[in-house]
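Some notes on the structure that comes next.
The values are calculated or read from the model by the stated rules, or taken from the named source; none is laboratory data. Small disclaimer: the values here were computed from a predicted structure and weren't measured. For neighbour counting, all protein chains shown are included, and Cβ atoms are generated from backbone atoms with ideal geometry for every residue, glycine included.
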Amino acid sequence: MAEERGGADAVERAQERVLLVLIVGSAAAFDDVLTGLLDIGVAGTVIESKGLMALLREEMPVFGGLASMLPDNTGTKIVLSATQRFLADRVFDMVESEFKADTRPLALTLPIERVAGLRG
């Protein structure tokens, strides 16, 4: 009986929803990330963000000298997806196998305790 329950727990865990977050700092990698997500069947929302140094250069010129000493990163794209854990695991496999360390997006998941209005 415990063995049967162990199998049921594995199925429940695989179907569990998580918030998948991908932070893509490389514009060149973003197209590959989107293609990979579509191939896996993960939908999401993309948020465009501005890098801290770009913000400092634009909004606080007094820090312009400091910003010029750091790498020029204009921003990132953040992909958010409330998806099933097994699909997030496939995204992690794709990120780790398809991207070199210098272009690899930051990927993380957070547990979802409750959700309303989720489609699909």
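Remarks
- Listed by first and then second residue, the pairs linking a residue in the stretch 91-120 that is farther than 10 Å from Leu22 by Cα to a residue that is assigned to a helix (DSSP H, G or I) and not aliphatic (A, V, I, L, M), with Cβ atoms under 7 Å apart and 6 or more places separating them unless they lie on different chains, are Met94/Gly36; Glu98/Asp32; Glu98/Gly36.
- Here Val79 meets the list (1) within 13 Å of Val24 (Cα to Cα); (2) assigned to a loop (DSSP other than H, G, I, E, B) almost entirely, failing just condition (2).
- Extreme residue, farthest from Thr103 (Cα to Cα), among residues of the stretch 40-62 that are over 12 Å from the mean Cα position of the chain (by Cα) and touching a residue at least 40 places away in the same chain (Cβ under 8 Å): Gly41
- Looking across the stretch 98-112, the residues that are assigned to a loop (DSSP other than H, G, I, E, B) and either on the phi > 0 side of the Ramachandran plot or of a type in the set (A, V, I, L, M) (or both) come down to Ala101, Ile112.
- Subset tally (residues that are closer than 10 Å to Ala88 by Cα and either surrounded by 13 or more Cβ atoms within 10 Å (Cβ to Cβ) or modelled with pLDDT of 85 or more (or both)) for the stretch 5-40: 7
- The conditions of being modelled with pLDDT of 75 or more, closer than 30 Å to Val18 by Cβ and assigned to a helix (DSSP H, G or I) are not met by Glu48.
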